[in-house]
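The values are calculated or read from the model by the stated rules, or taken from the named source; none is laboratory data. Everything numeric in this text was worked out from a predicted model, so none of it was measured. Heads up, the Cβs are rebuilt from the backbone with ideal geometry, glycines too, and the neighbour counts pull from every protein chain shown.
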Amino acid sequence: MNEMNTVPPWISHISSAQRKESNIYSSRWLQLATIGMDNTPRVRTVVFRGWSDIYEMEIYTDKRSQKYFELELNNKVEICWLFSKAKCQFRFRGTSRIEIGKQKLIHWNQLSKKAKSMWGWPRPADLFVFDKTSNFSINVKEDPINNFALLKIHITNVDQLHLHKPIHTRRKWVLKNEWIEKRINP
C-alpha cells in the first residue's frame, strides 16, 4: 500500500489533542513560518481547515497576500501548533502547494456568504483608508473567488513535545519511504 493512502502514525496524537480542545475556537489557530522575499523568516497565524484525503494540511490564503508570493518563490514551510489544554505542541515541516482545481471550489462553497465577502476586501497589507460609509461585508471591490486560495501542506517531518510533569516527552516522525518514529530528548 502506498504511504500516501496510509494514515500517518502521528494523526492519532493530533486527533487526541484536538478532542481535548474541541470547545476552544483558538485551538484551530496555528503559526505558519515561511521565507520572506528578502530571505528572512516570516511567521503568521492561520486557521487549520482540515486534512486532505492524503493527509495534507489545508489552510486558506489570499492570493494578494505577501504569504502567497513568498510560497511561490519558496514553498518550504514549518508550522507550530500548540494545544494548551492538552499540553502538547506539534511542529510540522513540509512543502506547500496551491490547489487550483475542484477541491478549491468545494472549500469555497462551504464558506458562508459573509466569510466569502472577506476575500473581496481591500488588498491585505495596503494602507487602511477609513470610510464611514464602507461596509466590508457588502462593499466587495473584487471578485472574491479570484483571491481565494486553498493551500495544501505536504508534511515530511513531525515533532511532538508533550509537556508532562515532571518530565516532558518528545518524539519525531520523518517520512522517507514510510514514516519513521524516534523518541528524542525534550
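Of all residues assigned to the stretch 57-76, none qualifies as being among the aliphatic types (A, V, I, L, M), in contact (Cβ under 8 Å) with a residue 12 or more places away in the chain, out of contact with any Pro (no Cβ under 6 Å at 6 or more places or on another chain) and part of a loop (DSSP other than H, G, I, E, B).
Among the residues examined, THR169 does not qualify as surrounded by fewer than 16 Cβ atoms within 10 Å (Cβ to Cβ), at pLDDT 95 or above and within 23 Å of SER52 (Cα to Cα). Contact map, the stretch 173-185: residues that are in contact (Cβ under 8 Å) with a residue 40 or more places away in the chain paired with residues that are of a type in the set (Val, Ile, Thr), Cβ distance under 7 Å, separation 6+ or inter-chain. Pairs shown: TRP173/VAL158; TRP173/ILE180; LEU175/THR156. Of all residues in the stretch 34-52, those satisfying the criterion of being within 14 Å of the chain's Cα centre (by Cα), surrounded by fewer than 16 Cβ atoms within 10 Å (Cβ to Cβ) and of a type in the set (A, V, I, L, M) are VAL43, VAL47. What is the one condition in (1) without any contact (Cβ under 8 Å) to a residue 24 or more places away in the chain; (2) outside any strand (DSSP E or B); (3) surrounded by fewer than 14 Cβ atoms within 10 Å (Cβ to Cβ); (4) not hydrophobic (A, V, I, L, M, F, W, C) that ARG123 does not satisfy? Among (1) without any contact (Cβ under 8 Å) to a residue 24 or more places away in the chain; (2) outside any strand (DSSP E or B); (3) surrounded by fewer than 14 Cβ atoms within 10 Å (Cβ to Cβ); (4) not hydrophobic (A, V, I, L, M, F, W, C), ARG123 violates only (1). Can you confirm whether the stretch 15-27 contains a residue that is crowded, with 16+ Cβ neighbours inside 10 Å, modelled with pLDDT of 95 or more and within 30 Å of PRO144 (Cα to Cα)? Among the residues of the stretch 15-27, not one is crowded, with 16+ Cβ neighbours inside 10 Å, modelled with pLDDT of 95 or more and within 30 Å of PRO144 (Cα to Cα), which makes the answer no. Modelled with pLDDT of 90 or more, part of a helix (DSSP H, G or I), surrounded by 14 or more Cβ atoms within 10 Å (Cβ to Cβ) and of a type outside the set (A, V, I, L, M, F, W, C): is that true of LYS152 in this structure? When the stated conditions are applied, LYS152 does not pass them. Of the residues making up the stretch 95-104, just one is under 15 Å from TYR55 (Cα atoms) and either in a loop (DSSP other than H, G, I, E, B) or within 11 Å of the chain's Cα centre (by Cα) (or both), namely SER96.
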